[in-house]
Amino acid sequence: MKRVKPKKHLGQHFLTDESIAANLAGAISRHHGVSRVLEIGPGTGILTRALQNRNFDELKIIEIDLESIEFLYEYHPEISADIIQGDFLKIELEPIFNGEKYILAGNFPYNISSQILFRLFENRELIPELVGMFQREVAKRIASGPGSKEYGILSVLLQIYYDVEYLFTVDEDVFDPPPKVKSGVIKLTRNERTALPIGDNFMKMVVKAAFNQRRKTLRNSLKGVLAGKELALEEDILHLRPEQLSPETFITLATAIHKTMNS
């Protein structure tokens, strides 16, 4: 069997351990009965085979690397009709399963992992569940709660709409080539929140402004946003730093800021 050369510019580290692939695939719970899966970056197909064993109603894979696609065509011809050649960050997501909801899975390239998660946030009504492998630092950040040094912008934004679980850590030696850091598998499951009273873009603006100066109190980091106006808050939270606020408290803060700016 020929070898696909991992490409550094694509952030490729091919998983080589079938048991880990099986554990990742096994963590998918078919949230709300959804049994369609899109795998991002299959590489040489080790996770793809584990996903096939789960017998989902539909499985499609998206791959940007032509050499990986040629490998999959040759050694896994049974999935050739379900391979999408393209860039997950640029492709239209709704038509992939004709407007039906689906689950995201993958050993995600480290260099675009945060961008993948922002696309998840933007397409949350289409994607009720994600199970994926990230650089451990990123996985811990997404799963961390208030008070943690890892807690940040993506933690807040994703936890507004998803329940996040850190599932397990993966050592470096089960990849080709081995990365310089450990990996972590996390699961995100859509919660019941439908929308924010202030809109996503305003929420993102407030959260980013707060964490861009995370060592400062909110009163100082949000000065540019507040423009000298006083907030009407039941509890004074502006003396806190951003990592001390839960996602729910961030919603309260952003709503108060929105009301003040539009009054």
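Any read-out appearing in this document is the output of simple, stated calculations on the displayed coordinates, not a laboratory observation. As the structure is a prediction and not an experimental result, all values here were calculated from the model. Here the Cβ is made from the backbone with ideal geometry for all residues, glycine too, and neighbour counts use every protein chain on show.
Put a plus charge on the Cβ of each Lys and Arg, a minus charge on the Cβ of each Asp and Glu, and nothing anywhere else: the dipole of the chain about its Cα centre is then about 1120 debye. Phi angles of the range 237-250 translate, via the Karplus equation with coefficients 6.51, -1.76, 1.60 and θ = phi - 60°, into HN-Hα couplings of 10, 6, 7, 8, 8, x, 5, 8, 9, 6, x, 5, 5, 4 Hz per residue; Gly and Pro are given as x. Counting only lysines at least 8 places from LYS187 when in the same chain, those with an alpha carbon closer than 24 Å to its own are LYS60, LYS90, LYS101, LYS140, LYS149, LYS204, LYS208. A simple spin-label model places the labels of GLU92 and ALA227 3.7 nm from each other, with each point 7 Å out along Cα-to-Cβ. Pair-distance distribution of the chain: all C-alpha pairs, bin width 5 Å, starting at 0; shares per bin in whole percent are 1, 6, 13, 16, 17, 14, 11, 8, 6, 4, 2, 1, 0, 0.
The mean sequence separation of alpha-carbon pairs under 8 Å and at least six residues apart, normalised by the residue count of the range 55-192, gives a relative contact order of 20 percent. Once the gyration tensor of the Cα atoms in the range 1-112 is diagonalised, the equivalent ellipsoid follows with semi-axes of 21, 16, 14 Å, ordered largest first. Less than 5 angstrom separates the built amide H of LYS7 from those of GLN12, all sequence-distant by 5 or more or on a different chain.
Ignoring aspartates and glutamates fewer than eight residues from LYS2 along the same chain, the ones with Cα atoms less than 15 angstrom from its Cα are GLU67, GLU70, GLU74, ASP176. What trypsin sites (Lys or Arg not before Pro) does the range 154-252 have in DSSP loop regions with at most 11 other beta carbons within 10 Å? Filter output for the range 154-252: LYS180, ARG215, LYS229.
For the chain, what's the relative contact order in percent, using C-alpha pairs closer than 8 Å and at least 6 residues apart? Don't jump to the answer; show the numbers that get you there.
Numbers: 434 pairs, mean separation 43.9, N = 263.
Relative CO of the chain lands at 17 percent.
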